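Q: One structure coming up, written as structure tokens, with questions to follow.
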Amino acid sequence: MARRRATPSPADELELPSAEELERLKLSPEVAWYLVSRGIPLPDCPPAIKTPEPGQTCPGARFDPDRVDKVLKSFGLLRHTKGKWAGTPLQPDPWQVAYVLAPVFGWVRFDEDVSRWVRVIRELYVDIPRKNGKSTTLGGIAIYMTAADGEHGAEVIAAATTAEQAGFVFAPIKAMCDKAPALKGHLKAYSKRIVHPRSASYFQAISSVADAQHGANIHCAVIDELHVHKSADLVETLETGTGSRDQPLVATITTADDGKPNTIYARKRTRIEQLARQALTDPTTYGVIWAAAKDDDPFVEETWRKANPGFGISPTRSYLAKEAAKAKDSPAELAKFLRLHLGIRTKQETKYLRLEDWDASAGMVDELKLKGRACHGGLDLASVNDVTALCWDFPGENDQHELLWRFWLPEARIDDMNKRTAGAAAVWVREGRLQLTPGNVIDLDYIFEQVKKDASVFDVRTIGYDRWGANSLVTKLGDEGITCVPVGQGFAAMSAPMKEWQRLVLTQRYTHGGDPVMRWMVDNLAVSMDPAGNVKPDKNRSAEKIDGVSAAVTALKEFMDAEVAEEDEPDHIAFGI
């Protein structure tokens with residue numbers, strides 16, 4: 001099959017907005033070209049957060065306008081089933097085309113294995129307040145993927161947490177099929193399944209892992225309200241069930257949660273935010289999040305418009321005005337209003353250190369030039385089957401510090417780490433940033449040999465370590481003459497070096513070389529604070545691994561303690577000794 005040029009030039013006889021305007025609207029030139037060429041108005045309601053489109057991150061990706069046309073035509077055959085729009089064609093709003101449908105269905109790449117163009121995006125994440133047409137968008141995608149995507153034997157599954165919720169998800173999609181005259185004779189809607197006989201494809205809603213595993217050849221999974229899923233089991237089973245399809249899609253459309261850490265929602269949301277910040281790169285995942293800022297006035301129309309791209313149509317101005325009025329009278333109603341209608345995770349914490357500040361402090365670190373330099377170490381053995389981190393802190397003149405990190409992972413855990421880092425872990429291994437040890441638990445001998453090697457090159461004064469799990473390693477290092485110091489991980493020990501660590505980074509006195517593993521961990525960091533204002537790294541509340549941060553703060557504590565000890569040492573000459 002010959003390759004064809006799938007991307008029209010944005011300059012092809014059409015006048016597009018300036019680059020500055022496209023950046024403000026968060027529109028790619030290709031999607032903007034599509035909207036203008038099809039007479040679709042450019043929306044003025046950009047999401048607060050948007051991941052890069054494949055045109056920025058996937059070499060060889062092309063934008064195919066015909067594919068988007070096909071999706072919009074399919075949506076137009078459906079009918080609204082409720083309210084004043086009941087019976088009218090389902091025509092997506094400009095914002096839905098611009099920020100959801102066109103990016104997902106328009107970007108393609110040529111797959112050498114199957115000798116055809118396939119969609120780049122395999123995972124869609126839309127986080128949006130209520131009443132912005134989530135159910136109809138999800139339903140339209142489900143029906144298209146069942147009957148119009150050209151996939152024979154397509155299994156399209158909607159994930160629900162209970163059998164009752166499965167019915168709530170299935171019912172409106174079935175109603176759209178029943179009310180669409182153009183689909184008569186093409187789709188058969190039964191009590192629990194919609195079937196497309198011509199392609200032997202079907203759609204159904206399920207609520208258990210057992211149902212998801214039955215068949216396990218999924219072309220599309222749709223997940224409504226991710227935050228109600230208490231466990232990740234069903235969602236992850238659906239994701240792994242798409243492996244045999246050429247261009248599968250897992251589409252999640254949800255409202256914000258209340259900020260609970262370590263849930264399936266929190267993990268997915270954090271990953272989208274990291275992709276948007278380009279802390280990670282994955283062209284197969286695309287996400288948009290609409291939300292107001294925490295310091296926005298929740299009771300003014302400008303804020304409502306900012307968080308709700310469907311404002312004025314759904315939700316209506318009067319509806320949000322009524323909900324806002326209720327929120328003024330009750331803290332509980334205010335929290336509900338912020339989350340459901342402004343997209344604000346009500347318990348979300350402010351980041352202790354912004355990624356842009358960390359990047360600004362990166363600088364260049366030449367390991368060869370550190371030979372013979374005095375340093376202090378910090379060792380974090382978080383778990384026998386996960387990441388272990390070692391940090392070397394080299395203090396210099398004028399309050400400057402240079403840093404080196406070593407990271408280890410059991411080789412049996414690399415696939416899981418790859419999944420958690422959008423494939424970055426494999427790159428870190430190839431670059432020598434992450435060392436794999438044999439087996440499924442960390443091999444302490446590898447760490448011992450590296451520390452011993454480093455101690456022969458650097459002037460290692462002390463190594464601070466968390467007592468947990470480090471005893472045998474510490475004993476061996478002590479036998480080599482390396483001074484190891486136990487360091488508590490509570491507020492008393494961690495607060496002062498944690499605050500100093502933040503100060504050094506913000507004042508760009510902490511030159512770390514931009515190590516990508518550490519950069520990922522800094523982006524994951526959450527802290528705990530006690531009533532007195534003391535802080536410490538909090539692994540339980542952090543989005544992902546932060547072992548490198550713990551190692552760095554421990555190393556810095558060793559340096560600070562050494563400085564205090566030096567200041568307190570008696571001046572023997574002054575006393576005539």
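The values are calculated or read from the model by the stated rules, or taken from the named source; none is laboratory data. Predicted, not measured: the structure shown is a model, and the values here were computed from it. Positions of Cβ are backbone-derived with ideal geometry, glycine not excepted, and every protein chain shown enters the neighbour counts. Quick note on the areas: whole protein, heavy atoms, side chains included, nothing else; ligands and nucleic acids left out. Shrake-Rupley method; radii C 1.70, N 1.55, O 1.52, S 1.80 Å.
Q: Can you name every one of the helices (runs of 4 or more DSSP H) wholly within the stretch 269-381 that holds 1 or more residues which are among the aliphatic types (A, V, I, L, M) and buried (at least 19 other Cβ atoms within 10 Å of the Cβ)?
A: Answer list for the stretch 269-381: 301-307, 317-328, 331-342.
Q: Just give me the residues in the stretch 169-189 being at pLDDT below 90 and assigned to a loop (DSSP other than H, G, I, E, B), in sequence order.
A: Within the stretch 169-189, Lys179, Ala180, Lys184, Gly185 meet the criteria.
Q: When you scan the stretch 137-145, do you find a residue that is more than 16 Å from Ile223 (Cβ to Cβ) and under 26 Å from the mean Cα position of the chain (by Cα), even just one?
A: The answer is no; no qualifying residue exists.
Q: Further question on the same structure: What pairs come up if the first residue lies in the stretch 490-512 and is touching a residue at least 12 places away in the same chain (Cβ under 8 Å) and hydroxyl-bearing (Ser, Thr, Tyr), the second is open to solvent by 20 Å² or more (accessible area, probe 1.4 Å) and in a loop (DSSP other than H, G, I, E, B), and their beta carbons are under 8 Å apart, counting only those six or more places apart or on different chains?
A: Ser495/Asn534; Thr511/Gly363; Thr511/Met364; Thr511/Val365; Thr511/Gln400
Condition check ((1) free of Cβ contacts under 8 Å to residues at least 12 places away in the same chain; (2) at negative phi; (3) in contact with a Phe, Trp or Tyr (Cβ under 9 Å, 6 or more places away or on another chain)) across all residues:
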residue: Leu320; (1), (2), (3): no, yes, yes
residue: Lys326; (1), (2), (3): yes, yes, yes
residue: Lys336; (1), (2), (3): yes, yes, no
residue: Met364; (1), (2), (3): no, yes, no
residue: Arg373; (1), (2), (3): no, yes, yes
residue: His376; (1), (2), (3): no, yes, yes
residue: Cys391; (1), (2), (3): no, yes, yes
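Q: I've got another one for you. Inside the stretch 200-225, can you point out the residues that are among the polar types (S, T, N, Q) and either at pLDDT below 95 or open to solvent by 30 Å² or more (accessible area, probe 1.4 Å) (or both)?
A: From the stretch 200-225, those among the polar types (S, T, N, Q) are 201, 204, 207-208, 213, 217; that's our starting set.
Listed by number, the residues that qualify are Gln204, Ser207, Ser208, Gln213, Asn217.
Q: Within the stretch 50-61, track down each residue that is open to solvent by 40 Å² or more (accessible area, probe 1.4 Å) and in contact with a helix residue (DSSP H, G or I) (Cβ under 8 Å, 6 or more places away or on another chain).
A: Gly55
Q: For the stretch 421-431, which positions are within 13 Å of Leu409 (Cβ to Cβ) and surrounded by 17 or more Cβ atoms within 10 Å (Cβ to Cβ)?
A: Within the stretch 421-431, Thr421, Ala424, Ala425, Trp428, Val429 qualify.
Q: Which one is farthest from Asp258 (Cα to Cα) among residues in the stretch 87-129 that are in contact (Cβ under 8 Å) with a residue 60 or more places away in the chain and of a type in the set (Asp, Glu)?
A: Asp111
Q: Quick check on this structure: which one of Leu444, Leu434 is modelled with pLDDT of 95 or more, buried (at least 17 other Cβ atoms within 10 Å of the Cβ) and under 34 Å from the mean Cα position of the chain (by Cα)?
A: Matching residue, one of Leu444, Leu434: Leu434.
Q: Restricting to the stretch 83-100, name every residue that is within 17 Å of Pro29 (Cβ to Cβ) and surrounded by fewer than 23 Cβ atoms within 10 Å (Cβ to Cβ).
A: Result: Pro94, single match.
Q: Among residues belonging to the stretch 418-476 that are among the small types (Gly, Ala, Ser) and without any contact (Cβ under 8 Å) to a residue 24 or more places away in the chain, point out the one that is nearest to Arg519 (Cα to Cα).
A: Initial filter on the stretch 418-476 (among the small types (Gly, Ala, Ser)): 422-426, 432, 439, 455-456, 464, 469-470, 472.
Adding the requirement that they be without any contact (Cβ under 8 Å) to a residue 24 or more places away in the chain leaves 425-426, 432, 456.
On the way: Ala425: 12, Ala426: 16, Gly432: 15, Ser456: 27 Å.
Ranking the qualifying residues of the stretch 418-476, first place goes to Ala425.
Q: Turning to a different aspect of this structure: Name the pairs: first residue in the stretch 59-80 and modelled with pLDDT of 95 or more and in a strand (DSSP E or B), second residue hydrophobic (A, V, I, L, M, F, W, C) and open to solvent by less than 10 Å² (accessible area, probe 1.4 Å), Cβ to Cβ under 8 Å, at least 6 apart or on different chains?
A: So the pair list comes out as Arg62/Ala6; Arg62/Trp107; Arg62/Val108; Phe63/Ala6; Phe63/Val31; Phe63/Trp107; Phe63/Val108.
Q: Please work out which one of (1) modelled with pLDDT under 95; (2) in contact with a Pro (Cβ under 9 Å, 6 or more places away or on another chain) is the condition Phe559 fails and give its number.
A: Only one criterion is unmet by Phe559, namely (1).
Q: Can you name the residue in the stretch 447-475 that is among the acidic types (Asp, Glu), under 20 Å from Thr388 (Cβ atoms) and in contact with a strand residue (DSSP E or B) (Cβ under 9 Å, 6 or more places away or on another chain) and, of all such residues, is least open to solvent (accessible area, probe 1.4 Å)?
A: First, pick out the residues of the stretch 447-475 that are among the acidic types (Asp, Glu): 449, 454, 459, 466.
After this cut, where a residue has to be under 20 Å from Thr388 (Cβ atoms) as well, the list is 449, 454, 466.
Then keep just the ones that are in contact with a strand residue (DSSP E or B) (Cβ under 9 Å, 6 or more places away or on another chain); that gives 454, 466.
Details: Asp454: 6, Asp466: 41 Å².
Per the stated criteria, the residue is Asp454.
Q: Of all residues in the stretch 476-524 being hydroxyl-bearing (Ser, Thr, Tyr) and not in a loop (DSSP other than H, G, I, E, B), which is most open to solvent (accessible area, probe 1.4 Å)?
A: Going through the qualifying residues, I end up with Thr511.
Q: Please specify each residue of the stretch 503-534 satisfying the condition of being touching a Phe, Trp or Tyr at 6+ places or on another chain (Cβ under 7 Å) and more than 21 Å from Thr270 (Cα to Cα).
A: The answer is Leu504, Val505, Asp530, Asn534.
Q: Any residue in the stretch 449-460 that is modelled with pLDDT under 95 and part of a helix (DSSP H, G or I)?
A: Taking every residue of the stretch 449-460 in turn, none turns out to be modelled with pLDDT under 95 and part of a helix (DSSP H, G or I).
Q: What are the residues in the stretch 225-268 that are assigned to a loop (DSSP other than H, G, I, E, B) and of a type in the set (A, V, I, L, M), if any?
A: Ala232, Ala256
Q: Let me ask something else. I need the full set of residues from the stretch 242-263 which are buried (at least 16 other Cβ atoms within 10 Å of the Cβ), farther than 11 Å from Ala543 by Cα and without any contact (Cβ under 8 Å) to a residue 40 or more places away in the chain, in order please.
A: Scanning the stretch 242-263 gives no hits.
Q: Same structure again: Given the criteria open to solvent by 80 Å² or more (accessible area, probe 1.4 Å) and modelled with pLDDT of 85 or more, does Glu567 qualify?
A: Details: open to solvent by 80 Å² or more (accessible area, probe 1.4 Å): yes; modelled with pLDDT of 85 or more: no.
Considered against the rule, which asks whether it is open to solvent by 80 Å² or more (accessible area, probe 1.4 Å) and modelled with pLDDT of 85 or more, Glu567 comes out as no.
Q: Picking from Glu30, Glu112, Glu15, Glu20, which residue would you name as being charged (D, E, K, R) and either closer than 30 Å to Ala171 by Cβ or open to solvent by less than 60 Å² (accessible area, probe 1.4 Å) (or both)?
A: Exactly one residue qualifies, and that residue is Glu30.
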